[in-house]
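Inspection log for the structure reproduced underneath, given as structure tokens.
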Amino acid sequence: TMGGAGHSKGFAMQLSSRGTLVAIDQDDDAIAAASVRLQGLPCKIKIAKSNFKNFDDVLDGLDIDKIDGIFFDLGVSSYQLDTPERGFWYMHDGPLDMRMDKESKKDAYYIVNRYKEEELADIIYRYGEERWSKRRAQFIVKERSEKPIETTFEVVNVIKKAIPKGARQDGPHPAKRTFQASKIELNHELEVLQDNLDTMIDLLNPGGRICIITFHSLEDRIVKTNFKRNENPCTCPSDFPVCVCGKKSNGRVITRKPILPGEQEMEENPRSKSAKLRIFERVY
């Protein structure tokens, strides 16, 4: 999740020549830009092209057993949003792509034009938390029966047709949640996060911390639940006087409530508005 390496550079500047920063991203453009941005810093820099689900394999390849800190920024980078050819944003017209890894064969075009109506409705509801999910799916299927839907603006126009005029006047952009759902489905974002947090915590040295910035409620819920379970994994009934399950805590939650951006940060970077930072510290 290195992205443009803004956070990575900030961390690297805090490290001495004895420190090592391992940066992971699956986007070739991000890696090329970050490789330049991270030059000339005092610490050792190791950049790996990979999905963070392969986190432990990357460390194995570098002969690293334990680490002191993990940081994830789970948002789409500004570069990806502002590059129409990547197809991530409903405010730019571009091809239906949305792939974090451009070498991946499946893209958003496939989801929009090949998924069954029930599948579309399901992902829009589950990953977009959208109450108009069935109606959106119906309109997409009807539109593509006449000709393939090829661009982001074509999707936006279909969604606007699907939503009653009164409902379009409130809340976020009408296409926001559908684009979110497509991106999550295409890149398997929630499964990767859900399946790998425990491994990441296990790789921390005592006193090491994992810090995660999420940008929507589904991600935040996964992180919050996982951190709470790692702090208190006991599965004994609440009326048991002592724990008999034998499960031991892995550490403690540092952020009982998420850290949110301040007014100045939101003014300087409006895209940070929905960001939430949660932190867990490995103690044992």
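Before we move on, is Ser238 of a type in the set (Ser, Thr, Tyr) and exposed (fewer than 13 other Cβ atoms within 10 Å of the Cβ)?
yes
Tell me, which residue of the stretch 189-221 that is surrounded by fewer than 21 Cβ atoms within 10 Å (Cβ to Cβ) and free of Cβ contacts under 8 Å to residues at least 40 places away in the same chain is farthest from Tyr284 (Cα to Cα)?
Glu191
For Thr199, state whether it is hydroxyl-bearing (Ser, Thr, Tyr) and at pLDDT below 90.
Criteria not met by Thr199.
For Ala34, work out the one condition from (1) in a helix (DSSP H, G or I); (2) open to solvent by 20 Å² or more (accessible area, probe 1.4 Å) it doesn't fulfil.
Single failed check for Ala34: (2).
Select the helices (runs of 4 or more DSSP H) contained entirely in the stretch 41-119, then report the ones holding at least 2 residues which are open to solvent by 40 Å² or more (accessible area, probe 1.4 Å), closer than 19 Å to His7 by Cβ and at pLDDT below 95. I'd like the intermediate steps shown before the answer.
On the way: elements: 55-61, 78-82, 108-114.
Qualifying helices (runs of 4 or more DSSP H): 78-82.
In the stretch 222-252, which residue that is aliphatic (A, V, I, L, M) and under 20 Å from the mean Cα position of the chain (by Cα) is nearest to Glu281 (Cα to Cα)?
Val223
Filter the stretch 1-22 down to residues that are small (Gly, Ala, Ser), at pLDDT 90 or above and closer than 19 Å to Glu189 by Cβ, then give me how many there are.
Total satisfying the criteria: 0.
What is the residue count in the stretch 247-284 for residues that are basic (Lys, Arg) and closer than 23 Å to Gln180 by Cα?
So the count comes out to 4.
Could you tell me which numbered condition Leu74 fails, if it satisfies all but one of (1) over 21 Å from Ile279 (Cα atoms); (2) touching a residue at least 60 places away in the same chain (Cβ under 8 Å)?
Condition not satisfied by Leu74: (1).
When you scan the stretch 162-229 for helices (runs of 4 or more DSSP H) that lie fully inside it, which ones turn up with 1 or more residues that are in contact with a Pro (Cβ under 9 Å, 6 or more places away or on another chain)? Lay out the reasoning, then the answer.
Working: elements: 165-168, 176-187, 189-202.
Hits in the stretch 162-229: 165-168.
Quick check on Ala181: is it surrounded by 12 or more Cβ atoms within 10 Å (Cβ to Cβ) and more than 30 Å from Asn113 (Cα to Cα)?
The answer is no for Ala181.
The rows are residues; the columns are (1) at pLDDT 90 or above; (2) in contact with a Phe, Trp or Tyr (Cβ under 9 Å, 6 or more places away or on another chain).
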residue	(1), (2)
Gln180	yes, yes
Leu190	yes, yes
Gln194	yes, no
Pro206	yes, yes
Ile210	yes, yes
Asp239	no, no
Gly246	no, no
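Return yes when Cys245 is farther than 25 Å from Ser8 by Cα, in contact with a Lys or Arg (Cβ under 6 Å, 6 or more places away or on another chain) and either of a type in the set (S, T, N, Q) or outside any helix (DSSP H, G or I) (or both) and no when it is not.
no
The values are calculated or read from the model by the stated rules, or taken from the named source; none is laboratory data. As the structure is a prediction and not an experimental result, all values here were calculated from the model. Glycine also receives a Cβ, built like all others from the backbone with ideal geometry; neighbour counts cover every protein chain displayed. With ligands, DNA and RNA removed, areas are computed over all heavy atoms of the protein, side chains included. Shrake-Rupley method; radii C 1.70, N 1.55, O 1.52, S 1.80 Å.
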